[in-house]
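Student: So that we are looking at the same thing, I have put the structure below in structure tokens.
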Amino acid sequence: MPKLGVNIDHVATLRQARYKTVLGGMAPEPDPVKAAVLCENAGCHSIVCHLREDRRHINDRDLQILRRIVKTKLNLEMSVAPSIVKIAKKIKPDQATLVPEKRREITTEGGLNVVKSPAKIKHVVKDLKSSGIVVSLFIDPDKKQIKASKKTGAEFVEFHTGRYANAANDNVAKKELEILKDAAKTAIKLKLKVNMGHGLNYINVKDIAAIGGVYELNIGHSIIARAVFNGLDEAVREMLSLTR
Ligand code: PXP
């Protein structure tokens, strides 16, 4: 049974739609910090957030408070940019998930290309590990990327489930599910721990949760979307019951 990490970036996205800056000491709504508390109370196993270089949703204030109040595990999604690595080493999240970052994307598109830049990624993994941070690499479910990830010294890989989640029809989804299953087997054989995430929702999560040996699923959009109507507590509990 995989654990559930809730990505709270989407709460900050809603806040930023109205408030671009923190006004004179007040915390504009909705506050991702409050979301983290509610998600933990509902039983999630970790809180995931992404401090982007452009601070388009989560900001430095959020991260500082999250570090102090998150009781489960704080998983910081981050690029390998030196300025962000410096912040991560200071804040010390329990885990860092290295992701590619493009300015104009709406959300993380595709996995990190570890095959293309092994030395750069290995250096960042070593740097973060030296600060006691567990490192995960967000990659596509591809054998070459898995093998390259192992060589960086990262303890986890997270497979991008976007191609499965966004499949045009059931046949494509089935094919993508098999690719994810094979990738999980390959990674586990190499003694990498396996997380998965991106585009998972209340309908497509069951088949992913049933893949053997997956450690954690990281889910954001669908949980926060459901929370708009049903409340965050119920949204998290329902997703937890589906992953079981
Ligand atoms: N995992 C990673 C590494 C991500 O970048 C994202 C998107 O922020 C997610 C999981 C969650 O994706 P979604 O919001 O589609 O559930």
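Each value in this text was obtained by applying a stated rule to the coordinates, not by laboratory testing. Here the structure is a predicted model, which means the values were calculated and not measured. Reconstructed Cβ throughout: ideal geometry from the backbone, glycine too, with neighbour counts over all protein chains shown.
Student: Give me the mean projected area, in nm² to one decimal, of the convex hull enclosing the Cα positions of the chain.
Tutor: For the chain, the mean projected area of the Cα convex hull comes to 12.5 nm².
Student: Going down the table (Lys34/Lys174; Lys71/Lys193; Lys3/Lys92; Lys71/Lys102; Lys89/Lys181; Lys92/Lys181), which pairs top 28 Å between alpha carbons?
Tutor: Lys34/Lys174; Lys71/Lys102; Lys89/Lys181; Lys92/Lys181, as the Cα separations exceed 28 Å there.
Student: So, one more: Counting each DSSP H run of 4 or more residues in the chain as -39500 (n - 2.57), what helix-only mean residue ellipticity at 222 nm follows after dividing by all residues, to the nearest 500 deg cm²/dmol?
Tutor: Taking each H run of at least 4 residues, the total per residue is -14000 deg cm²/dmol.
Student: On to the next question. Note down the Stokes-Einstein diffusion coefficient of segment 140-244 in µm²/s, whole number, using a Kirkwood radius over alpha carbon pairs, 25 °C, and 0.890 mPa s. Walk me through the intermediate numbers first.
Tutor: Details: Rh = 14.3 Å.
Diffusion coefficient, whole number: 172 µm²/s.
Student: Using the Cα centre as the reference, give the magnitude of the dipole from point charges on the C-beta atoms of segment 1-70 (Lys, Arg: +1; Asp, Glu: -1; all else neutral), rounded to the nearest 20 debye.
Tutor: Around 60 debye, computed over segment 1-70.
Student: Same structure again: What whole-number distance in Å separates the alpha-carbon centres of segment 208-234 and segment 29-49?
Tutor: Answer, in whole Å: 12.
Student: Could you size up the charge dipole of the chain around its Cα centre, putting +1 on the beta carbon of Lys and Arg and -1 on that of Asp and Glu, and report it in debye to the nearest 20?
Tutor: 960 debye
Student: Here is a follow-up. Under the 0.36 nm per residue contour assumption, what length would be gained going from the current alpha-carbon distance of Lys185 and Asp207 to full extension?
Tutor: 6.4 nm
Student: Averaging over every viewing direction, what projected area does the convex hull of the Cα atoms of segment 169-214 cover, in nm²?
Tutor: The directionally averaged projection comes out at 3.2 nm².
Student: Among Ile208, Ser130, His221, which residue has its Cα furthest toward the positive end of the charge dipole of the chain, with +1 on Lys/Arg Cβ and -1 on Asp/Glu Cβ?
Tutor: Ser130
Student: Roughly how compact is segment 39-139, stated as its Cα Rg over 2.2 N^0.38 Å to two decimals?
Tutor: 1.04
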